[in-house]
Amino acid sequence: MKARIIFGAAAAMTLLGSCQDNAWDDHYGIAPTTPTLNVMQILEQNEQFGSFCNIIKQQHLDTLLTRDQTFTVWAPTNEAMAAYISDGNDMDHLLKNHINRFIYTASDLTDTTLVRIKMLNGKFQDYARTAGGYSFAGIGLPADGTAADYTATNGLVRTLGTVAPFYLNIYETVNSKDNGTDSISKYLKGFDDYTFDRANSTAVGKNEYGQLVYDSVFVYTNEWMANYGDLYLEDSVYTFMMPTNAGWMAGYEAVKPYFQTFGTLESSSLSTINVPTRQYATDDAVADSLTRAHTLEAMAANLVFRGRVNPSAADGDSLVATSGNVFHHPATLFGGAAAQTVSNGTVYRTDVWNYRPDDCFLKPIVVEAEDTKNRTDAYANVFSRSASQTTYADSVSGQRFIEVNAATTNARTQPMVQFTIPNTLAATYDVYVVFAPAEAYVEGSAADSTRVRFYINYVHADGKMKEDPVIDGSVTNGTGMTKMKVGTFTFPFANFTGSRFTETGGQDEDCVRLRVQANVSASETTRFTRTMRIDCIIFEPVTE
């Protein structure tokens, strides 16, 4: 990072003189002379900067450039100004886009190929070392430093053959009028918040009610950007996938089916072994609101990438969004999108939606059996076991599992454990239960096996949460890990409560459950044990 030190005129003269034998003399061929003019005087005395100089005076910026501060002025020539076509930005933006505090020379690019310079308008411009020499804001700098650079008592004037472009930042671009991005703009602006800062506000009097009136200061925050990237900050660099209204609608239609959500709880009962039966509304305002909120959140979560990405990278090269999700086919993801340079990165404007559900939100769900939060039991004694000291340490998920022992010898009350599966979507899953052998806890333990059965409980298409008929499983492996498939299930509703922003409105969090029960008759106890050793539950999405 460049040290930001402000020098007075005398200090600046000393600095400039001491640098001539290295940075300026080496890079620009400037003769070692002591400057006598400030940057404003240099601009006034060089006819090639006449147009630029006149605008400086019209905007009353000339007094700033005579002060005992240090500046680099990137001055467009008269020819550059004549060729400039205004893009609607005011003259103040134009001027301040060419002036920065502190001195920047090629010595700043000795150990790097690019320095981002903060201009007076708050925007950043790239000062870069290129194969052909140097550039500022993408504009090649003249090779003849003697004719193109002028030392001053308070800085440096550098010649530009083209007016430097003025760019909006990502957030300004998204919110631009008539840009066709109203949908994503409305979503992101919904998180804008301005909080009155009393400590930094100044009381300027009282109103007719005797209340203090403030010259108010407000603190701006945006919760979404705090999580995914501050798109409004000029000193950060991001790549942003910017869906147009058409792209946003295409994304909504593609994502919404996965987040179709049930609504208000209408009735509920609970069995003696804690198995719930409930009835939910399926198409009320709560269901519609949650479906929409979760869908929009899932869509927006993967739009931001740090730095400037290369979407033309070969398939297989990974690209990580600020959400943490990894995309292995950048060229496909950015297909059809048009790049647009902005002041803090790049936006890719797109009318299509190339995001794959399995890259974004349709992920495997793993519930660790030892997690008591997601577990109830009946007719059982449950113990947490560690595999860390056995040869199964790398095979058992998290190196821990549970041992479920029968609390009674009655064959009609076999031990069972019920697991809550969080954040399932309206999708199809292959469901598995992973079992561990006895020696995963104590090396050399005698091998034993058990037969199991399963019950799956979820909200069906009619809004009723109930258990499906019993599913008979098979026998566990007594001498190794067993990944036993329960079956393939399609859930009509999402049971999603993993939102960072959306209030669930009291929605139940336990509407998908899997019950695992020993299934060993009294006549089979010599062949099988009723002890189950459960490692984890896995819901693997079935994708096309």
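The values are calculated or read from the model by the stated rules, or taken from the named source; none is laboratory data. All of these numbers come straight from a predicted model, not from anything done at the bench. Reconstructed Cβ throughout: ideal geometry from the backbone, glycine too, with neighbour counts over all protein chains shown. Accessible surface areas use protein heavy atoms only, side chains included; no ligands, DNA or RNA. Shrake-Rupley method; radii C 1.70, N 1.55, O 1.52, S 1.80 Å.
What accessible surface, in Å², does a 1.4 Å probe find on residue 173, ignoring ligands, DNA and RNA and rounding to the nearest 10?
10 Å²
For segment 209-368, what does the equivalent ellipsoid look like in terms of its semi-axes, each the square root of 5 times an eigenvalue of the Cα gyration tensor, given largest first in whole Å?
After scaling each eigenvalue by five and taking roots: 34, 28, 16 Å.
Can you figure out the FRET efficiency of residue 217 with residue 111, using R₀ = 35 Å and their beta-carbon distance, to the nearest 0.05?
0.30
Would you compute, from DSSP H runs of 4+ residues alone, the mean residue ellipticity of the chain at 222 nm, taking -39500 (n - 2.57) per run and dividing by the full residue count, rounded to the nearest 500?
-4500 deg cm²/dmol
Relative contact order for segment 388-496 using alpha-carbon pairs under 8 Å, separation at least 6, rounded to a whole percent?
Reported as a whole number, the value is 33 percent.
How far apart, in nanometres, would the label points at residue 89 and residue 202 be if each is projected 7 angstrom from Cα along the Cα-to-Cβ direction?
If labels sit at residue 89 and residue 202, their model points lie 3.0 nm apart.
If you take the beta carbon distance between residue 292 and residue 526 as r and set R0 to 51 Å, what does 1/(1 + (r/R0)^6) give as a FRET efficiency, to the nearest 0.05?
The pair residue 292/residue 526 has a calculated efficiency of 0.30.
Net charge near residue 278, counting Lys/Arg +1 and Asp/Glu -1 over other residues with Cβ under 9 Å of its Cβ?
Around residue 278, the surrounding residues sum to 0.
Please list 544, 368, 234, 253 in order of solvent-accessible area, largest first, computed with a 1.4 Å probe with all protein chains present.
Largest accessible area first, the residues go 544, 253, 368, 234.
At a 1.4 Å probe radius, which order do 167, 280 fall into by accessible area, largest first?
I get 167, 280, largest accessible area first.
Can you give the relative contact order of segment 148-247 as a percent, counting alpha carbon pairs under 8 Å and 6+ residues apart?
That works out to 28 percent.
Roughly speaking, what is the centre-to-centre gap between segment 363-385 and segment 413-457 when only Cα atoms are used, to the nearest Å?
9 Å
Find how many whole Å separate the alpha carbon centroid of segment 460-488 from the alpha carbon centroid of segment 66-112.
Here the two parts' Cα centres lie 69 Å apart.
For segment 251-368, what is the relative contact order in percent, using Cα pairs closer than 8 Å and at least 6 residues apart in sequence?
Contact order relative to length: 18 percent.
Using a ≥ b ≥ c from the Cα gyration tensor of segment 431-544 (square roots of the eigenvalues), is it rounded, prolate or oblate, where a/c under 1.5 gives rounded and otherwise the larger of a/b and b/c decides, a/b for prolate?
Note, shape of segment 431-544 comes out prolate.
Just to verify a number: what accessible area does residue 471 come out at with the full protein assembly present, 1.4 Å probe, Å² rounded to tens?
Rounded to the nearest 10, the figure is 40 Å².
Debye sum, Cα scatterers, segment 87-244, no solvent: what log₁₀ I/I(0) at q = 0.11, 0.12, 0.15 1/Å?
-0.66, -0.76, -0.99
Mind checking the angle between helix 245-255 and the chain's longest principal axis? C-alpha axes, 0 to 90 degrees, to the nearest 10.
20 degrees
Can you tell me the length gained on complete extension of the stretch residue 179 to residue 339, counting 0.36 nm per residue apart and subtracting the Cα distance?
Extending this stretch completely gives an extra 56.2 nm.
What accessible surface, in Å², does a 1.4 Å probe find on residue 119, ignoring ligands, DNA and RNA and rounding to the nearest 10?
In the full protein context, residue 119 sits at about 10 Å².
Can you quote the Å³ per residue value for the convex hull of the Cα atoms in segment 368-430, rounded to an integer?
137 Å³
If we restrict to alpha carbons, what Rg and Dmax does the chain come to, in Å?
33.4, 108
Can you give the extra length, in nm with one decimal, that the chain gains between residue 356 and residue 384 once fully stretched, where that is 0.36 nm per residue apart less the Cα-Cα distance?
Full extension from residue 356 to residue 384 adds 6.3 nm.
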